Amino acid sequence: MGEPKLDQQNRIELERKNSFEIPKTMTLEHFWDGIETGNWRPPTHEEISLLADQQLNHEMISELSAVERKNVRDEFINKISHRVNSIDLRNLAINNLLFLDNKSDLVKQTRKPERLIFYFNHDDEISIIDLGTHHFSKGSALRKPIMDYKRRLGISAMTPEEKTSFFSSPENWHNDKAKFYSCGGNSKLTLDGIRSLERYGYNEDNFKSRVEEISRSCGHSNLRMLDIGGASGRALHDAKKICPNLETYNLTIDEQPAMYPVNHLYLCPAEAMPKELEERMDFIISRTAFRYFMYPYIGLRNAIKALSVGGFADIYFSSECSENPRSLNEGTYQTFKWIKKLEKEGFIKTNIPDEETCQQELDASYEDDDTFDRYPGYNEHLSIFMEINKLKSIL
């Protein structure tokens, strides 16, 4: 099979401007335009719907029913809409921004010298982004010392060029503890999922060992590595620093203003995984993403179908945050039954328990009222760390 023909818009492209690189995005161009113009004009619902249809306009590994396709499309549109209309991104783009590094006198006055802090000044309120800790300092308490410090040193708000230069680096977005703070509360600067390879359970030594093992099994050293729900691509970026010969694939619906470079980027739900990936991925990883899928069991089927002969998948599967876990039970059960059938017939090898054990897990009830309140139906889900080796083609 030849190399996959990827749509050009599915690749990360960079354009040069003012000696630094501005990421070319599919959904967040208005963020960069907002920095430059001071105006916030997110795409309309019609534009988002058109983009979603473009990203779903391909043959899929698993054929979806009309209902499944509609639900996946609607959820895709909703999640893009939520991201592009982010109040946090709006504040970063169009509001005045003061940058104080961790060597400044004012930061030292807070007695948290490890912090890197941004101070916003808009509508006579001070808001804070803290890229170093979980600590929250109310803007009202710091307003006077901040403004006194600003006047004394003559500090000006960051220029559009300075803001663009800073936010063009994914390194300034990936911190797991990054928060947007205001007097009224806080929220994360980025969405969930900006995880390092270490958060997937790998360090340099065991990752190299895993890659060597897969290379022997596949019979070649230039492995194709897919992260399902890879977000900014940070884990793949870490992986390629350890093993430069990897060809990296990021399948995500979570586009950030600045993404880590990968060889292939798909803005696409896992349920709609392109058929061109079928039995081409030598190493598949995923952490935490499945729990947010509309149909996590379809994403799991796609992952197994995408795995090459000799390939290895390391996946955390869960349906715990799904809005409709009751309807997922039968699909999940049938998928695990299919997986065990493949294993019995010698197509794959897994660490997955038999279907009876899976059903018991699905039927188990967890007496956690707080969790139950957050996730309706949370007591009917399955969560499992999976290791899957493909021994024979299932095409």
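Can you say whether ASP227 is over 16 Å from LYS24 (Cα atoms), in contact with a helix residue (DSSP H, G or I) (Cβ under 8 Å, 6 or more places away or on another chain), touching a residue at least 24 places away in the same chain (Cβ under 8 Å) and assigned to a helix (DSSP H, G or I), as far as the supplied structure shows? So ASP227 fails the test. For the residues TYR249, TYR260, the requirement of being touching a residue at least 24 places away in the same chain (Cβ under 8 Å) and under 12 Å from the mean Cα position of the chain (by Cα) singles out TYR260.
Can you name the residue in segment 265-278 that is hydrophobic (A, V, I, L, M, F, W, C) and assigned to a loop (DSSP other than H, G, I, E, B) and, of all such residues, is modelled with the highest pLDDT? Restricting to residues being hydrophobic (A, V, I, L, M, F, W, C) and assigned to a loop (DSSP other than H, G, I, E, B), the top hit is MET273.
Within segment 28-39, is even one residue modelled with pLDDT under 50 and either of a type in the set (Ser, Thr, Tyr) or farther than 13 Å from LEU265 by Cα (or both)? Within segment 28-39 (the criterion being modelled with pLDDT under 50 and either of a type in the set (Ser, Thr, Tyr) or farther than 13 Å from LEU265 by Cα (or both)), the answer is no, since none of the residues qualifies. Can you confirm whether segment 256-264 contains a residue that is modelled with pLDDT of 95 or more, part of a strand (DSSP E or B) and not basic (Lys, Arg)? Looking through segment 256-264, at least one residue is modelled with pLDDT of 95 or more, part of a strand (DSSP E or B) and not basic (Lys, Arg). Considering the conditions (1) closer than 17 Å to PHE385 by Cα; (2) part of a helix (DSSP H, G or I); (3) modelled with pLDDT of 95 or more, THR332 is excluded by exactly one of them, (3). Of ASP227, ASP205, ASP238, ASP282, all but one fail to be at pLDDT 95 or above and in contact with a Cys (Cβ under 9 Å, 6 or more places away or on another chain); the exception is ASP282. The set of residues in segment 34-49 that are free of Cβ contacts under 8 Å to residues at least 12 places away in the same chain and surrounded by 12 or more Cβ atoms within 10 Å (Cβ to Cβ) comprises THR37, GLU47. Just one of (1) modelled with pLDDT under 95; (2) in contact with a Phe, Trp or Tyr (Cβ under 9 Å, 6 or more places away or on another chain); (3) under 30 Å from LEU395 (Cα atoms) fails for SER104. It is (3).
Conditions tested, residue by residue: (1) of a type in the set (Val, Ile, Thr); (2) in a strand (DSSP E or B); (3) surrounded by fewer than 17 Cβ atoms within 10 Å (Cβ to Cβ); (4) modelled with pLDDT of 80 or more.
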residue: TRP338; (1), (2), (3), (4): no, no, yes, yes
residue: PRO353; (1), (2), (3), (4): no, no, yes, no
residue: GLU356; (1), (2), (3), (4): no, no, yes, no
residue: GLU367; (1), (2), (3), (4): no, no, yes, no
residue: ASP370; (1), (2), (3), (4): no, no, yes, no
residue: TYR378; (1), (2), (3), (4): no, no, no, no
residue: LEU395; (1), (2), (3), (4): no, no, yes, yes
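For segment 242-253, the tally of residues that are buried (at least 21 other Cβ atoms within 10 Å of the Cβ) and either modelled with pLDDT under 95 or outside any loop (DSSP other than H, G, I, E, B) (or both) stands at 6. For segment 289-298, a residue qualifies if it is farther than 21 Å from GLU63 by Cβ and either in a strand (DSSP E or B) or among the aliphatic types (A, V, I, L, M) (or both), and exactly one does: ALA289.
What about LYS163, is it in contact with a helix residue (DSSP H, G or I) (Cβ under 8 Å, 6 or more places away or on another chain) and either outside any loop (DSSP other than H, G, I, E, B) or modelled with pLDDT of 85 or more (or both)? Taking the combined requirement at face value, the residue satisfies it. Within segment 200-213, not a single residue is part of a strand (DSSP E or B), over 29 Å from LYS163 (Cβ atoms) and β-branched (Val, Ile, Thr). Contact map, segment 286-311: residues that are closer than 17 Å to LEU382 by Cβ paired with residues that are in a helix (DSSP H, G or I) and of a type in the set (Lys, Arg), Cβ distance under 8 Å, separation 6+ or inter-chain. Pairs shown: ARG287/ARG199.
Give ARG301, ARG326 a once-over and let me know the one that is part of a helix (DSSP H, G or I), out of contact with any Cys (no Cβ under 6 Å at 6 or more places or on another chain), basic (Lys, Arg) and modelled with pLDDT under 75. Testing whether each residue is part of a helix (DSSP H, G or I), out of contact with any Cys (no Cβ under 6 Å at 6 or more places or on another chain), basic (Lys, Arg) and modelled with pLDDT under 75 leaves just ARG326.
For segment 304-321, the candidate set comprises residues that are among the hydroxyl-bearing types (Ser, Thr, Tyr) and in contact with a Ser or Thr (Cβ under 8 Å, 6 or more places away or on another chain); within that set, the residue that is modelled with the lowest pLDDT is SER319.
The values are calculated or read from the model by the stated rules, or taken from the named source; none is laboratory data. This is a predicted model, so every value here is computed, not measured. Counting neighbours? That spans all protein chains shown, and the Cβs are built from the backbone with ideal geometry, glycine included.
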